[in-house]
Amino acid sequence: MIELKTPAEIEQMRPAGVFVGEVLSELAKQAAVGVNLLKLDKIAHDMIRARGAESCYIDYHPSFGASPFGKVLCTSVNDAVLHGLPHDYALRDGDVVSLDFAASVDGWVADSAITVQVGTARAEDTRLIQVTTDALAAGIAAARPGNRLGDISAAIGAVATAAGYGVNTDFGGHGVGRTMHGDPHVPNQGRAGRGLPLRAGLVIAIEPWFLETTDKIYTDKDGWTLRSADGSNGAHMEHTVAITDDGPLVLTARR
Ligand code: MG
């Protein structure tokens, strides 16, 4: 079911967005050579407690998950791109890590992800991250009343295609509200002018993710982490966006 929020409800969602942005800004600062993924998860967990927020991940147990997630943060390193389960691993020079974080504040959810380079940047990763960032911006720009859902998907997919990256449509964006995942599904590829008419009050997570040289993924033996089929690196960028009469409002914008 598609749920539209009133302008007052969108205002109520702002604190969750601000908090999620703050956590990701802090984690991006902390993600350095030698830092353990479990430490990043702990930082996020401490911030959740200090804020009186609630994790959307720790008890998350969808049909495809082996068991409840048990952590508050997704950390996907190098060939991992989505749902990375934090484990005992210290970041190395040249790693690329995607940090995906969702939390609920005052009963409203926000969901956002960034990909950061650790230590020495590889040029291939810099380009992949830039294209993913550009695709997110293109998707956000299309999130306005009068457009259709397919306009968002097409805008994202066009940026990937122009840069020579494939698009996997198994996982994409989603409605956000009182819970983390609602309708509609927001694929990272689609046909402009098709699909759900976008109306003010629709709040969605827009989240392009691409892999350097493949569009195929497989699930790690941890039951969660999704990795590229060919070992190439991935990037993932996500914002929670409210569609308003004034255009897209990025609730998870980082300062
Ligand atoms: Mg997310």
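What to note about this one:
- Residue-averaged 222 nm ellipticity for the chain, from DSSP H runs of 4+ at -39500 (n - 2.57), nearest 500: -9500 deg cm²/dmol
- Sorted from longest to shortest, the spans of the Cα atoms of region 39-86 along the three principal axes equal 31, 26, 11 Å.
- Once the gyration tensor of the Cα atoms in region 172-228 is diagonalised, the equivalent ellipsoid follows with semi-axes of 26, 17, 8 Å, ordered largest first.
- Note that region 7-250 presents 40 Å² accessible area per residue, ligands and nucleic acids not counted, probe 1.4 Å.
- Translational D in µm²/s for region 7-250 (Stokes-Einstein at 4 °C, 1.567 mPa s, Kirkwood Rh from C-alpha pairs): 73
- Cα-based reach from residue 39 at 25 Å (exclusive), listing lysines while leaving out same-chain residues under 8 positions away: 29, 71, 221
- Counting only aspartates and glutamates at least 8 places from residue 42 when in the same chain, those with an alpha carbon closer than 17 Å to its own are 22, 26, 54, 59, 88, 100.
- Surface accessible to a 1.4 Å probe, residue 64 within the full protein complex, Å²: 100
- Per residue, the Cα convex hull of region 202-243 amounts to 87 Å³.
- Considered as an equivalent ellipsoid built on the Cα gyration tensor, region 1-103 has semi-axes of 26, 17, 13 Å, the largest given first.
- √(5λ) per eigenvalue of the Cα gyration tensor, region 99-174, largest first, Å: 23, 20, 10
- Counting only protein heavy atoms and a probe of 1.4 Å, the accessible surface of the chain is 51% carbon and sulfur.
- Label-point gap, in nm, between residue 221 and residue 161 - each point 7 angstrom along Cα→Cβ: 3.9
The values are calculated or read from the model by the stated rules, or taken from the named source; none is laboratory data. Please read these numbers as outputs of a predicted model, since none were measured by experiment. Please note: Cβ atoms are built from the backbone with ideal geometry, for glycine as well, and neighbour counts cover all protein chains shown. To get the accessible areas, we keep the full protein, side chains included, count just its heavy atoms, and leave off ligands, DNA and RNA. Shrake-Rupley method; radii C 1.70, N 1.55, O 1.52, S 1.80 Å.
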